[in-house]
Amino acid sequence: MKLPIVLICSFFIAFFISFILIFILAKITSVSAKVKKNSEEHDTAGIKYNCVVKNVDIKNKLSQVVVKTNDKTTI
Amino acid sequence: MFVCKNCGGNIRFDIKSQKLVCGICNSSFEPEEIQKENDSVDYDFFEATIFTCPQCGAAIMCEDNEAASFCTYCASSTVLTSRISREKKPDYIIPFKKTKKECIDEFRKITKKAIFAPSQLRDAKVLEQFKAIYIPYWYFNVKQEALFTVNGMEEYKDYTSSMKGLNYYNVSGYVEGEYDGICRDGSYDFSDDLGERIAPYFTAEKKKFYPSYLSGFYADTTDIPSKVYEHEAREIANDIARDVLEGEASRGDYKDMKVYLSNDEATKQFNTQVTSKRALLPVWFMSFRKKDKVAYMTVNGQTGAAATDFPISIVKYLMGVLAATILLTIPVTFIMMMFRYDAAKLFQDVTLFISMLSFIIYFIEIKRLQTKDLHSEDAGKFYQKYKVVYIKDKKKNVELKNFIRANIVDLSASTVQVFILIFYILCIAGIFSPDANGILLRIGMSIGNLFMAGVCAYRSFGFKKSSRYIGLITGSLAVVIVLAIQIIDPISKFGNMLGGAVLSLGCFVMFIDLVLYHNELTMRKPSLLRRRGGDEIADSVDL
Ligand SMILES: [Zn+2]
Ligand SMILES: [Zn+2]
């Protein structure tokens, strides 16, 4: 293997890896303060609340039974 | 202008002392003591000078004439038109707590991390342009009081009989709740995203509004109606009430009672009522202008939380790439020498592999940027555009995320399948030989790359607003060239080297394109961002 060829090839590979890595680095650093908010949950920071639920009464309406077959041998 | 009782000088609100201080005789006054003649009569309105920028249309309240020659929103030096206007009085104000110096210090902390941001943002002179602006927010108070009957559900498991099922219940009771301090920005200028990132504001420190608080400060005008955010306020309250109810119901015989209620149902059942008040919240604000585009830097005037999306300086990016390339070349050379394999062919294989990675990164990035570009999450902008209240559907969001996640997995899986398939077809055809092996691998990888490029193009061209295709076309073209070389003369040293070099350059153009797209979104033309001009209204007529 001739060294100049290897050097040229290595240079391009290094270049290829570099612009991807530097891009990722630039992206990460260019976004300040992370959005802490989880989109699935409302952020309650700064909100003052007081919520009381009283006299909870639970009445059975209906049951739906799903038979779960964990046993593989039945088939 | 607010006038000093003792000497007739101009008095301004001083952040340190939280009082109005006279610039001439140093007397200080409480904000509620100071009123303009006309203001004392009117409870609902106050008199304000509004400056309108001819360049971008921004309308800003200010008592000082310094506002007359420089637009804070589009950062252009221009003559602003001023008029006296009777403005609706906000109910509350949170006065500034952070001084300009403190704000600049907080901002410096986040610029320190942003190593690829333009260096002007570290320049003390540029940072002097931070302006104290009160941003109008809607301040919601939510109340619930009702007797309710809702559907409850509990899963049960019987381990001995391996039975599993659901029990449905009628859950009734009484709810009473009050929620205070839910704030949403009421100005089109200010994006929801930046607003959320400098949140929260601690509303316990709010004060009753007196116009004299604005002396020495800017204030934006309210233009988003409160109904845009009322359902969000109700949703926050309903979600909390539901959680409390679930906790209250999961007692005694019941272990894990779930209550499923849509926002509208919950509003009915809990009798959720919203009252909206106007509030002015403090923001240190700077628009950073480069050519005809601006980026916005914001710092919370109460807590000092800073947020912005920094543009990436192309010069810094290129310098970073150059430095990293020089650093990496020598170690990569050593690794290459360790392989007893033809350097040119190895080079071609490796570049094909990395280009596959870059297509995947491109795909993920373009998807994220486009979501941002479409403002799909900004309720205020959505309303401005379509005059329809945008309802963030939480379930839909989750589904979308899962879809994207599944898509990426799918993509990678199908790419691998394509490789294997082509490889096996060629093997069965009997072309397989030790040397052909490498060629087939390269052809397979090129086709895989093209496949990926096609998926990216589908994603990219599918969005009307996207104008970024030059990078993708260049990247795909590079892959086509590699494929052609592999078909015409796969053994040539020169061919393989040329292929690898072309591929890396092609993908480089793609990444430059991503940087430009990122900058396009952080730096906008102000007229596009601001209030609708004549053309935009004309455009929207056929909506
Ligand atoms: Zn005075
Ligand atoms: Zn302007």
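The values are calculated or read from the model by the stated rules, or taken from the named source; none is laboratory data. Computed from a predicted model, the values in this text were never measured in an experiment. With ideal geometry, Cβ positions are generated from the backbone for all residues, glycine too; neighbour counts draw on all protein chains shown.
Could you please give the count of residues in segment B:267-277 that are away from chain A (no Cβ under 12 Å) and either outside any strand (DSSP E or B) or buried (at least 19 other Cβ atoms within 10 Å of the Cβ) (or both)? Give the steps one after another, and end with the answer.
So in segment B:267-277, the residues away from chain A (no Cβ under 12 Å) come out as B:267-268, B:271, B:273-277.
From what is left, the residues that are either outside any strand (DSSP E or B) or buried (at least 19 other Cβ atoms within 10 Å of the Cβ) (or both) are B:267-268, B:271, B:274, B:276.
Number of matching residues: 5.
Under the condition of being free of Cβ contacts under 8 Å to residues at least 24 places away in the same chain and among the charged types (D, E, K, R), which residue from segment B:15-32 is nearest to ligand 1 (Cβ to nearest atom)? Working first, answer last.
Our first condition is that a residue be free of Cβ contacts under 8 Å to residues at least 24 places away in the same chain; within segment B:15-32, this holds for B:17, B:19, B:21-28, B:30.
Still in the list and also among the charged types (D, E, K, R): B:19, B:30.
Numbers: B:Lys19: 13, B:Glu30: 15 Å.
Once the filter is applied, the top-ranked residue is B:Lys19.
Within segment B:175-198, does at least one residue satisfy the condition of being within 12 Å of chain A (Cβ to nearest Cβ), among the small types (Gly, Ala, Ser) and at positive phi?
Within segment B:175-198, one or more residues are within 12 Å of chain A (Cβ to nearest Cβ), among the small types (Gly, Ala, Ser) and at positive phi.
Give B:Asp105, B:Asp123 a once-over and let me know the one that is at pLDDT 90 or above, surrounded by fewer than 20 Cβ atoms within 10 Å (Cβ to Cβ) and away from ligand 1 (no atom under 16 Å from the Cβ). Let's see the steps before the verdict.
Numbers: B:Asp123 fails: at pLDDT 90 or above.
Just a single option satisfies the conditions, and that option is B:Asp105.
Please name all residue pairs, on different chains or six or more residues apart, with Cβ atoms under 7 Å, provided the first residue is in segment B:344-373 and is under 28 Å from B:Met497 (Cβ atoms) and the second residue is of a type in the set (Phe, Trp, Tyr) and at pLDDT below 85.
What qualifies is B:Leu346/B:Phe339.
How many of the residues in segment B:1-22 are at pLDDT below 85, loosely packed, with under 15 Cβ neighbours inside 10 Å and closer than 24 Å to B:Gly301 by Cβ?
Within segment B:1-22, residues that are at pLDDT below 85, loosely packed, with under 15 Cβ neighbours inside 10 Å and closer than 24 Å to B:Gly301 by Cβ number 1.
Looking for something in contact with a Ser or Thr (Cβ under 9 Å, 6 or more places away or on another chain), within 14 Å of chain A (Cβ to nearest Cβ), crowded, with 17+ Cβ neighbours inside 10 Å and small (Gly, Ala, Ser) - is there at least one such residue anywhere in segment B:149-160? Steps first, answer last, please.
The first filter runs over segment B:149-160 and keeps only residues in contact with a Ser or Thr (Cβ under 9 Å, 6 or more places away or on another chain), leaving B:149-150, B:154, B:156.
Cutting the leftovers down to within 14 Å of chain A (Cβ to nearest Cβ) gives us B:149-150, B:154, B:156.
Filter once more, so that each one left must be crowded, with 17+ Cβ neighbours inside 10 Å: B:150, B:154.
Now narrow it down to the ones that are small (Gly, Ala, Ser): none.
There is no residue in segment B:149-160 that is in contact with a Ser or Thr (Cβ under 9 Å, 6 or more places away or on another chain), within 14 Å of chain A (Cβ to nearest Cβ), crowded, with 17+ Cβ neighbours inside 10 Å and small (Gly, Ala, Ser).
Go through B:Phe51, B:Phe45, B:Phe116 for me and flag whichever is modelled with pLDDT of 85 or more, of a type in the set (Phe, Trp, Tyr) and away from ligand 2 (no atom under 16 Å from the Cβ).
Working: B:Phe51 fails: away from ligand 2 (no atom under 16 Å from the Cβ); B:Phe45 fails: modelled with pLDDT of 85 or more.
None of the others qualify; the one that does is B:Phe116.
Name the single residue, out of those in segment B:216-248 being of a type in the set (Gly, Ala, Ser) and surrounded by fewer than 21 Cβ atoms within 10 Å (Cβ to Cβ), that is nearest to the other protein chains (Cβ to nearest Cβ). Talk me through it step by step, then tell me what you get.
The first filter runs over segment B:216-248 and keeps only residues of a type in the set (Gly, Ala, Ser), leaving B:216, B:219, B:226, B:233, B:237, B:241, B:247.
Cutting the leftovers down to surrounded by fewer than 21 Cβ atoms within 10 Å (Cβ to Cβ) gives us B:226, B:247.
On the way: B:Ser226: 17, B:Gly247: 8 Å.
That would be B:Gly247.
Of all residues in segment B:469-513, which are touching a residue at least 40 places away in the same chain (Cβ under 8 Å) and among the acidic types (Asp, Glu)?
Across segment B:469-513, the qualifying residue is only B:Asp513.
Report, by residue number, each residue of segment B:246-264 that is in contact with a helix residue (DSSP H, G or I) (Cβ under 9 Å, 6 or more places away or on another chain) and outside any loop (DSSP other than H, G, I, E, B).
B:Lys258, B:Val259, B:Asn263, B:Asp264
Restricting attention to segment B:295-330, and to residues there that are in a loop (DSSP other than H, G, I, E, B) and within 8 Å of another protein chain (Cβ to nearest Cβ), which single residue is nearest to the chain's Cα centre (by Cα)?
Going through segment B:295-330, the residues in a loop (DSSP other than H, G, I, E, B) turn out to be B:301-305, B:308, B:310-313.
If we keep only those that are within 8 Å of another protein chain (Cβ to nearest Cβ) as well, we get B:305, B:308, B:310-312.
Working: B:Ala305: 16, B:Thr308: 9, B:Phe310: 12, B:Pro311: 13, B:Ile312: 16 Å.
Selected residue: B:Thr308.
In the set B:Ala406, B:Ala344, B:Ala379, which member is within 10 Å of chain A (Cβ to nearest Cβ) and at pLDDT 60 or above?
Numbers: B:Ala406 fails: within 10 Å of chain A (Cβ to nearest Cβ); B:Ala379 fails: within 10 Å of chain A (Cβ to nearest Cβ).
After applying the criteria, what remains is B:Ala344.
Of everything in segment B:95-142, what is more than 23 Å from the chain's Cα centre (by Cα) and among the aliphatic types (A, V, I, L, M)? Give them in sequence order.
Selection gives B:Ala124, B:Val126, B:Val142.
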